[in-house]
Each structure stands twice: as structure tokens, then as C-alpha cells.
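Everything on this sheet refers to the single structure shown next.
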Ligand code: HEM
């Protein structure tokens, strides 16, 4: 099957277009956060007197600029937040089209090398974000999702770029397609999970210090985020939803390996890091049920797990050679 | 409210009602060893080992212990690179080797971690399984004394008979597939207790138990299975016996007579490569066409073995894992008699299949040895000398140097067929040959003819009898996980008391783990079904998602 160079070129243009859109979205989200009215950081359940000593009336607590009730006039930060959301939609559509054309240009799923994997994962992150935003207001999260998407795309088009081409025989397997699809979806969701977890740590630090009347370096950000408890629950839900899929991705990879090399598990560096990532995410889920680990410590474990996931993609492919080395990087 | 139970008992039942998992209570691990000698210490050690905190620590250790396995070459998967490492840096290499860094996943310290983890797992999960089995057969727990303290709580007055309220609550709950226990209205009060989502705990236990089974199946495969590799040239045959393999790695319990008696001939190996572009020379297709005989005397079948598409025969699988070139060489002695005529496997050295190999001709006096490299697309590079610029055989050539003397075959020591010991030989010269070229060896030592080449393919033959069980346990583990993480276990209680004449005071309360959406919707639906309509909710905070945290 020959490679269709024209389609591949269009795919590249679309991806550049998506990057431009995400850049605009990033600026809009940042402006939205900056101009937003913050909330009081003293959490619910604290006696009013105590909360009042925090300086803001209790009634304003729920009137979050984001997620608050719509009362006609747009509160500060709302308009730029809306622009950010719309442009993120646009960027996601452009990126999706870019991924599609790349796939059509080589007549196969477009995740056969690091460049394609990175671009598709960026698309998965963006798609997961806009899909989640259909059900709830996520404008506060926009900046922290668009930023890693842009970074990934930037890295993809500069360092990882590989011409559209056919696959080496070892990568031609439908189990590979299943395995990589699952891994990409997990990658996208884990990225959002890590962003929410980080924001939880910020909001939680802000709330804890506010309780004892102290200020926190990132107070300005903490005030503009939903309550820490909500962020924690959201992060957990994302991880809990994705962990079975990640387990499936690892198992599908093992089935592919069995089909290609005659063993389903050989502690190849890629397999080893998939295992490490899996164990650390399992540790995170455990930590949430273990006294003394709930909350902040467990969140750090989730971030470490995401670090392992990233290392498996960048570190292992670039630093360590194994059977899994992709064609082109 | 009039509760017949004593305060202590009700405290206990309150804890009971709020516990939605058989997870061990964390206080266990905090218990100090009691001063009752060896038994006390043993009990303490067992409790510590099977506590959640220890499991967590062991999980971390397992992750950390795996890291060196990815940083250093491993004997199991890459013995040649381990040898290279030891040769390049013997001091550090020796120390690392002593520490097991080249055999991480079969080292004793790695085994210690996972054995402890799995003992902990069994010690934790088996009692939980028994407990859960009991819970599955018992009734939903009675309501905690203070329903108003639960995360979801509604109070409503209903103009109807208390017993009717109890009955319709129970009916509604049963209709929505809750497990329900209920009391009669005794004149002062009555209650309904209901629970749903037992599959969460079942799934959690299933997941952990499947991990145990997975470990067993990995062990079974390693013990009873085998893995072997063989190189077959085009036109040659291979019979599935231990002696014919180039390498053979059986498990300790492997029975060699269980090798299925098949044989095959490699008729043709085909490879395609990308031509031009950034990935010039990258492989695109590999296929080995073979003629298979399943057992001696059976009919011949043709089959194709491809990467990702192994041949399955007699319970083992044959995988295509590598390929290369085998130049065909004819050697004649000074009298012109043929003393060697065969294809010889050359091993690829780079991506463009510059390959090296050796021809040994023991039947001449003195003996003759040829060392050379084969270039599928030969180019003489001004810097690198003769190299290959493409993996396909577009312009094949061999460069061969000839040696005479003693091949050293008589010493009885096994020799590699890929290397020539030239210490007792002298060199005759070197020559470049294209297919068909004849080289007259200097000194009247005969001639060497490069007739052409065939290709070879290498195959892995493997059998893992634990594989099926491993897949089954993996599927069960994923199923268990999905149940465990996606299903909410939740409880609902209804308590009625008679209020003003003709009015029943109804309390509806619900409890779930904080992580998922609360049980609020279901409480709301029950209230609506009782005719309460959207109710005032004293414990619900205005921000969504806030009210779902149980007060622990
Ligand atoms: C091979 C090692 C292990 C792995 C990969 C593992 C993994 C997991 C995962 C992913 C969960 C989350 C599922 C859920 O929240 O329902 C979980 C829950 C749990 N694990 Fe493990 N586990 C392991 C060993 C253990 C051990 C040794 C124990 C006993 C000390 C244990 C006790 C538990 C308990 C009690 C829960 C449920 C916590 C709850 O109720 O929320 N696990 N485990």
C-alpha cells in the first residue's frame, strides 16, 4: 500500500491549525481565571463565625464565578472562559481531522510511531475534556488541560516528527490496535486525572491554611478552583474509571506479545514500565483506603503513577532499547 | 426515638451500618505485640503482614524493585548484552551481577517481595471472602440510631397509615432490586432497611483472588513449558526434536517426549522493505512459506508463517522471529574435486544486513577456513569500506578471506559455527566476489565459487501450558475490577413513627461511599414514590457533590 503524501501533508496543516486554536484557548482560559472572582477558602461545615473571620461573607462561598448560578449578567471571567471552551472545541475537531487524515494517508490506525502516538494521545486528552465538559462546567480546568495538549503537540511536531509510512511487520496486529487504543484513552484520561489531582493539592493547601488563618503562595489559584473535596472526588472517579481499562491495555499488550514473540510477558523495558505504572496506580487506589494515606498522600501517589506512565512513553522509547522500539524514534 | 438496644450495642450497630466493605479495619496494624510470648508475636506479625498498610508498602517495593530490571540488560531476555556489559566494565559489572541486577525478575529479593505480597494478599482476602459470603446470606444491617447524621436524610409527613408507608417503601425498594428487611409497625414505630451493590465487594474479592490464580498460571507455564529457537535455510527442513534446536530452554518440569513430532521445510522466505523516504529500508512484510508434515507419515500441507501470525501445530506454536542471508559457496581442492558445496548461515550485523559468517572445510589437507561478510546491496564507502546500503539483495556480494592450517576441530571442544579460530592457521588472501565469480586461491589451494545465496528464517517454538489459565484469570481480574470500581454499595433506611392523627412521620436516609455519586437520587426517588415530593433536606449542602461524604 503506498502512502498518500497529499493527505499526510493536509494532516500536518490541520495539526498546526489545532495548535493555533489551542494556543488561543490557553490565553482565553488564563484570562478567564485571572479575572474571575475567587471563592472563600474556608470549607463547608466550619462555623459561620470562623468563616466570617476569613473576611468574606459565607453567602458568597457558593457564588463561584465558575459553576455558579447564571443570573443574567456574565460574571467576570465568564466570557473569556466561554471563548476558551469554544476554541478548544475547534482545536479538538481540527486535531481529530488531522489524526483521521494521517490514518487515511497510510491506510491504518495512526498510532504506529511516537509522533502518531503523541498526536493521537493529545487528541484523546482534548476529546475527553470536551466530552466531560458537556455534563459539567470545566472552564476552571481548561488551562490545565490545554497546556499539556499543546506541549505534547509541540514535542510531536518538532522532536518526534516522522513521515507517514507503513508499519514494520511486528506492529501489524489487531491486538496492537486494541492495545494501543486502550493505552491512548488511558493516557488521555490519566493526564486529565493528574491535572485535577494537582489542582486538588493546590485547593487543599489553600483551604487548610485558610482554616488556620494563614495565606498560601498559590491562594490566587486556589480561590478560583472548586472545593478540594470535589476535586478529590473527581480525580478519584477518573482514576477509578480508567484503572480497569489500563489493566485491559496491559493484558491486550501481553496477548499481542504472545502472538508476535511466543511469550506473553518477557520483562522488556516497555512491559516493565507498564507493570510499574499499573502497580503504582493500584497503590494509589489502595492508599485511598488506608488510614494515614487518604487525601494528600494518596494524590501524590497518583502523580507518581502518571510520571511512570510518561516515562514509559518518553523515557523508555528514547533512553532504553527493547523489542518495542517503534519505527522512527 | 425508642431504640430497644443498649447504647453500646447501638454504637456497634452504627459502625456496622456505616461499613460498606470487608476491608480490614486499620486499627489492626496499630496493635502492639501483646506480651504473650511467641504466639502473641506471631499473631502480631501475621496481622501486620496482612494489613492494608503493609500491602501498600509491598506494592511500592514491587514497583521500585522492577526499575533496575528496565535499566540494566537482563540475562533472561538479552544475554549477549549482559556479556558485553561484563566485558566493558568488569568491576562494576561483577558487583551488579552479585546484586542480581542482571536477573532482577528471577532474583531472590524480587521473589521475596512478591511472595510476601501474595501471602499478604491471601491472608487478607481469604478471611474477607468468608465474611462477605456470610454477609451475602444475611439481612441488611439495622439503621443507625441517628439517621439525621447520615449524608442523605429526608424528613416528611405523609397522610397515610404507618404500616402502609412501610409496605410501600419495602415494595418500591424490592421493585428496584434492593435487598430489603422490614419490621411491622408496632404502634409506635417501624423500619425498613435496604441494601444494594454487593457486587462491589464481590468484584473486589474476585479481582484479588484472580491475581493469585494469575501468579499460579505464570508459575505453571514457566515450570512445564519450553521455548526453543531454530534457524532454517530456504530449501532445508526442521524436525521438532530437542537435538535440532539451536537453543532450548525447558522449564524444570518439562517432559521432552511431549514435543509434538512435526517437521517442516522452508520453501521460501519473503521480505519487503520501504524504498525511499525517511524510513528507507524499514521492513514492511515478512513471510515464511513452509511445507508442514504434522507427524511422520502424515500428508504434506503448505502453510505460511508471518510475524504476528504463528503456526499452531500439536499444541505448540511456531513464531517467525528473525531472518538473514545464507551465501551458497562451492570449494574445490587443487585437483578440482568439490570438497564443500552448501549454503552457510551468516548473521546480520546491522539494519542493512551486512552479515558475517564462516565456512569450515575440514576435508582438505591442510584444512581450509573462510571468513567473510555478505552484503545484500554492496557499496564501497570511502570511509567505512565495503558496506550494505539496503537490506534487500539488490547487488549482493561477499568479501571473503581464506585461511589454511588446522581448524582445531580435533580438540573435542565444542566450537561455534559462526567463528573461526585462526591461531593455528595462515592467511591466504582476501577477495570480493559477485554471484558466479570464482576465486582461485593463492598457492594452488583450489578455488572458491560464490554461487549465490538463499535466505534463512529463525523460528521460536514455544509452549506455555499456563497461558490459558493466565488469560482466564486476567479476564476475571478485569471483570472484578470493573465491578469493584464502578458499582456503588449503598444502604437506605426508612423509619416511620405516628405523628398527629392520620399523619405518619417518615425519615428516609441513605449511605454510600463518598467516592461515587451519592445515594441522594435514589433517596429522592423513594421519597417521591411515597408521595413526599421534593423534600427539604437538612443535611444537603448547596454545592453539588458536597453532601455525599459520610461522617466517619
Ligand atoms: C498484588 C497486589 C495487589 C494489587 C495489585 C491490589 C490492587 C487493588 C486495587 C486496584 C484495588 C481497588 C479496588 C477497589 O477500590 O475496590 C484494591 C482494593 C483493595 N485491596 Fe488490594 N491489591 C493487592 C494486594 C492487596 C493486599 C495484600 C491486601 C490486603 C492487605 C489488599 C486489600 C485490599 C482491600 C481491602 C481493598 C478494598 C479497599 C476498599 O474497600 O476500598 N490488596 N486492591
Query raised in the report: Using the count of nearby Cβ atoms within 10 Å as a rough guide to exposure, how do B:254, A:241, A:29 rank from fewest to most?
Result: A:241, B:254, A:29
Requested in this report: With everything on Cα atoms, drop me the angle between helix B:199-224 and the longest principal axis of chain B, reported from 0 to 90° to the nearest 10.
Outcome: 20
**Report entry** Ratio Rg/Rh, restricted to segment A:121-205 and using Cα atoms, in which Rh is the Kirkwood radius
**Finding:** 1.07
Query raised in the report: Going by a ≥ b ≥ c, the root eigenvalues of the Cα gyration tensor, does chain A fall in the rounded group (a/c under 1.5), the prolate group (a/b larger than b/c) or the oblate group?
Result: oblate
Query raised in the report: On a 0 to 90 degree scale, rounded to 10, what angle separates helix A:296-310 from the longest Cα axis of chain A?
Result: 20
**Report entry** Residue exposure sequence - B:234, B:301, B:522 - by fewest surrounding Cβ within 10 Å
**Finding:** B:301, B:234, B:522
Report summary line: Listing B:472, B:321, B:492 by rising number of other beta-carbon atoms within 10 angstrom, fewest first, gives B:472, B:321, B:492
Requested in this report: Take every Cα-Cα distance within segment A:172-329, group them into 5 Å bins from 0 onward, and report for each bin the whole-number percent of pairs it holds.
Outcome: 2, 9, 16, 19, 16, 12, 9, 7, 5, 3, 1, 0, 0
Query raised in the report: With contacts defined as alpha carbon pairs under 8 Å and 6 or more residues apart, what's the relative contact order of chain A in percent?
Result: 20
Report task. Could you state the angle between the C-alpha long axis of helix B:467-486 and the longest principal axis of the C-alpha atoms of chain B, as a value from 0 to 90 degrees rounded to the nearest 10? Result -> 30
Report summary line: Helix-only [θ] at 222 nm, chain A, -39500 (n - 2.57) per DSSP H run of 4+, per residue, nearest 500, equals -23000 deg cm²/dmol
Query raised in the report: What percent does the relative contact order of chain B come to when contacts are Cα pairs within less than 8 Å and at least six residues apart?
Result: 18
Query raised in the report: Over segment A:172-329, what is the relative contact order in whole percent, taking alpha-carbon pairs under 8 Å and six or more residues apart?
Result: 26
Requested in this report: Could you tell me which of rounded, prolate or oblate describes segment B:328-456, using a ≥ b ≥ c as the square roots of the eigenvalues of the alpha-carbon gyration tensor, with rounded for a/c under 1.5 and, failing that, prolate when a/b is larger than b/c and oblate otherwise?
Outcome: prolate
Query raised in the report: What's log10 of I(q)/I(0) for segment B:413-494 at q = 0.25 Å⁻¹, Debye sum over Cα points only, no solvent?
Result: -1.23
Report summary line: Long-range alpha-carbon pairs in segment B:48-134, meaning those over 18 Å apart, account in percent for 54
Query raised in the report: What 222 nm value per residue comes from the helices of chain B, counting each DSSP H run with n ≥ 4 as -39,500 (n - 2.57) and dividing by all residues, nearest 500 deg cm²/dmol?
Result: -10000 deg cm²/dmol
Report task. Go from 0 up to the bin containing the longest alpha carbon distance in the protein assembly as shown, width 10 Å each, and give me the % of pairs per bin. Result -> 2, 10, 16, 19, 18, 13, 9, 6, 4, 2, 1, 0, 0
Query raised in the report: Can you work out the base-10 log of I(q)/I(0) for chain B at q = 0.08, 0.11, 0.13 1/Å, using the Debye formula on its C-alpha atoms alone?
Result: -0.78, -1.08, -1.31
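Taken together, the values in this text are just the output of simple stated rules run on the coordinates, not laboratory data. Computed from a predicted structure; not experimentally measured. Virtual Cβ from ideal backbone geometry, glycine too; neighbours counted across all protein chains shown.
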